[in-house]
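Before any comments, here is the structure.
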Amino acid sequence: MIRNKSFKRIITGILTSVLIALSIIGCGSSSQGGGASTDGSGVKVFFSTLTLDNFKELLMNSVIEAGKNAGVTVDVGEPCATVDDQVAQIRDAASKGYDVIICNPVNIDTTLQLEVTAGDIPILFTNSEPDSAYLKPDKYMYVGSYEIDAGTMQADYVWNKLGKPSSLNVVLFQGEPTHPAAAKRTKAVKNYFKKAGVNANFVFNDTAYWDTQKAADEFKIFLKTGQPYDCVICNNDSMAVGVAQAMKELGIDTSAIPVVGIDATVEGCQSILDGGMQFTVYQSAKGQGAACIEAAIALAKKGTTKDVQYVTDDLRYVWVPFEPVDKSNAGSIN
């Protein structure tokens with residue numbers, strides 16, 4: 001998968017700073033996209049999403065806000081509980097002449113069905129990444145953040161925080177099994193340790209479905225096994241918050257055992273400030289929403305996204321950078 005050169009420079013700089021100086025940058029303009037100053041007057045966009053959770057709601061609201069700021073008409077469908085609901089919603093949108101559809105799919109396996117249903121209307125997928133085979137330059141695109149970078153940043157932080165050990169015992173909590181972000185974040189963590197020559201023993205690797213309470217309960221089950229562990233890596237903040245809460249409840253020192261998440265949610269950042277979690281990775285819902293609107297305007301008015309910020313050379317992806325967050329900048333993210 002190819003990302004544009006400017007993005008590579010951004011992420012290389014971030015990883016270098018973490019590896020060498022452990023200096024964590026704050027939330028800056030790099031994640032905000034370029035759509036705020038773009039004139040979207042006359043552009044009509046339909047937004048379709050599945051049942052909302054914390055991040056999905058943030059993303060939806062960010063699309064609405066960015067659209068309003070740019071003069072784009074954004075109509076939002078009722079959150080879909082099933083694939084059939086979403087197909088019907090997209091079919092209705094296609095009949096009403098929208099310029100672009102922004103879609104957070106209920107199931108990425110239905111990507112082709114959604115594209116056929118949309119007819120000639122371009123679709124910007126977001127949050128759940130479809131298989132690249134179903135993406136087409138300037139027609140069917142994905143707007144999000146490159147999940148491999150998030151898992152890489154997590155593993156890098158943990159390894160450095162623990163003093164670059166040659167081996168370590170890892171507890172890993174994955175999100176929804178079918179969600180591509182969960183698979184890619186997990187793969188990135190494992191690949192990082194492998195490439196660094198670290199003997200990473202995953203003493204507990206389970207699915208907690210992005211859920212705070214489920215992660216807390218499963219972590220307590222793991223503790224009953226009596227196995228040693230050096231860190232807890234979670235695919236998102238909600239699960240990491242749950243693990244940190246369980247550790248505090250049981251009197252386990254969270255400063256000695258890094259618990260890390262992804263998303264930099266309000267709850268996640270507060271946990272870091274309160275001495276629970278130690279690290280997260282900022283996935284900018286605001287930046288992704290702005291990028292969706294910028295790309296939508298470009299498609300509607302120019303027929304191409306070649307000048308959109310963070311677009312890849314193949315015009316199939318818009319990658320809004322992830323950013324590392326620890327106690328030094330957690331208070332400035334939300």
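Name the aspartates and glutamates eligible as straight-distance cross-link partners of K248: C-alpha to C-alpha under 12 Å, and not fewer than 8 places from it in the same chain. Partners found: D274. A Förster distance of 25 Å, applied to the separation of the beta-carbon atoms of A133 and K306, puts the FRET efficiency at 0.70. Taking Cα centre as origin and charging only the Cβ of basic (Lys, Arg, +1) and acidic (Asp, Glu, -1) residues, the dipole magnitude of the chain rounds to 1020 debye.
Using the Cβ-Cβ distance between T51 and S332 with R0 set to 30 Å, the FRET efficiency works out to roughly 0.45.
Is the shape of the range 62-106 best called rounded, prolate or oblate, per the rule: a/c under 1.5 gives rounded, else a/b larger than b/c gives prolate, else oblate, with a ≥ b ≥ c the square roots of the Cα gyration tensor eigenvalues? Oblate shape, in that a/c is at least 1.5 and b/c is the bigger or equal ratio.
Over 28 Å between Cα atoms: which of K190/K327; K224/K327; K184/K286; K136/K286; K214/K327 fall into that group?
Values: K190/K327 25 Å; K224/K327 30 Å; K184/K286 22 Å; K136/K286 25 Å; K214/K327 25 Å.
Where the Cα-Cα span goes over 28 Å, the pairs concerned are K224/K327.
Comparing E65, E249, E129 in a Gaussian network model of the chain, where Cα atoms under 10 Å apart are tied by springs, the biggest mean-square fluctuation is seen for E249. Under a cut-off of 17 Å between alpha-carbon atoms, report the lysines in cross-link reach of K139, not counting same-chain residues fewer than 8 places apart. Cα-Cα hits under 17 Å: K44, K301, K302, K306.
For V83 and K164, the difference between the fully extended length at 0.36 nm per residue and the C-alpha to C-alpha distance is 24.6 nm.
List the DSSP H helices in the chain whose Cα atoms stretch 20 Å or more along the helix axis and whose mean Kyte-Doolittle hydropathy is at least 0.0. All intermediate terms of the calculation are to be shown ahead of the outcome.
Details: long enough: 5-20 (22 Å, 1.06); 54-70 (24 Å, -0.11); 147-161 (22 Å, -0.70); 180-195 (22 Å, -1.06); 285-301 (24 Å, 0.72).
Passing helices, by number: 5-20, 285-301.
Since every read-out is calculated from the coordinates, none of them should be taken as a lab result. Quick caveat, the model's predicted, so the values are computed rather than measured. Note: ideal-geometry Cβ built from the backbone for every residue, glycine included; neighbour counts use all protein chains shown.
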